[in-house]
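One structure below.
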Amino acid sequence: MMSVKLFEFLVIASVSLAITFVLFKKLDSYAEGKTKFLGGSIRYGGSLGGFLLVCVVLFHSYSKMLADGESTTIDLNGKWDIVLTTGNDERRSGTATIQQQEDSARLQISGEIESTIKPPSISFSSLTAVLRDARLVFLYETSDRQIGIAMGDIQSDKPKTFSVSYFDVLSADTNDDLEGGIKFSRTK
């Protein structure tokens with residue numbers, strides 16, 4: 001199966017080729033470029049120069065557009081203490097690590113929480129996690145194969161605490177704890 005990145009590359013290359021064909025076959029045009037390569041330089045012109053120019057401009061525009069749509073000023077990167085409150089008001093503590101590249105809206109969340117069914121703890125990790133505006137949404141899976149979704153609003157760019165609500169998928173729930181909340185508190 002073709003990867004998304006390869007597909008995007010092929011689409012941009014095809015569009016560049018079509019634009020270059022129109023530019024150099026149908027219109028009166030000429031382009032020239034020079035590139036340093038292995039200590040020397042390569043000169044190219046005509047339709048090859050036009051193709052490279054159009055391709056570079058399209059790739060730059062496309063990557064800039066994606067970067068703008070996937071960035072955030074919210075910083076959740078680091079270690080967190082967590083308190084899980086079940087739907088039955090039972091409280092369990094644990095720890096979590098959130099990995100986030102600077103300004104990236106995509107995250108990786110993992111951690112451990114106390115367990116009454118399989119002591120001492122159950123680990124969890126996000127299958128996918130994303131910040132959209134001030135809303136954090138992530139799909140999670142636990143070490144005992146429970147899956148679900150968690151979501152919550154982030155109140156500041158570098159919060160000391162935030163909370164999410166979680167909802168287990170009914171068919172994957174093994175501990176009769178379908179929903180509850182998790183409070184994250186940043187550790188020093």
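Quick notes on this structure:
Let's see how each residue does on (1) within 18 Å of the chain's Cα centre (by Cα); (2) surrounded by fewer than 18 Cβ atoms within 10 Å (Cβ to Cβ):
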| site | (1), (2) |
| --- | --- |
| Thr95 | no, yes |
| Ile98 | yes, no |
| Ser104 | yes, yes |
| Gly111 | no, no |
| Ser121 | no, yes |
| Phe138 | yes, no |
| Met151 | yes, yes |
| Gln155 | no, yes |
| Thr161 | no, yes |
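- Test: residue in the range 136-155 that is modelled with pLDDT of 90 or more and assigned to a loop (DSSP other than H, G, I, E, B): yes
- Evaluation of Thr128 against the conditions (1) of a type outside the set (Lys, Arg); (2) under 17 Å from Ile182 (Cα atoms); (3) part of a strand (DSSP E or B) shows that the sole unmet condition is (2).
- Among residues of the range 51-93, those that are on the phi > 0 side of the Ramachandran plot and modelled with pLDDT of 90 or more, counted: 1
The values are calculated or read from the model by the stated rules, or taken from the named source; none is laboratory data. What you see is a predicted model; the values in this text were computed from it and never measured. So basically every Cβ, Gly included, is an ideal-geometry build from the backbone, and we count neighbours across all protein chains shown.
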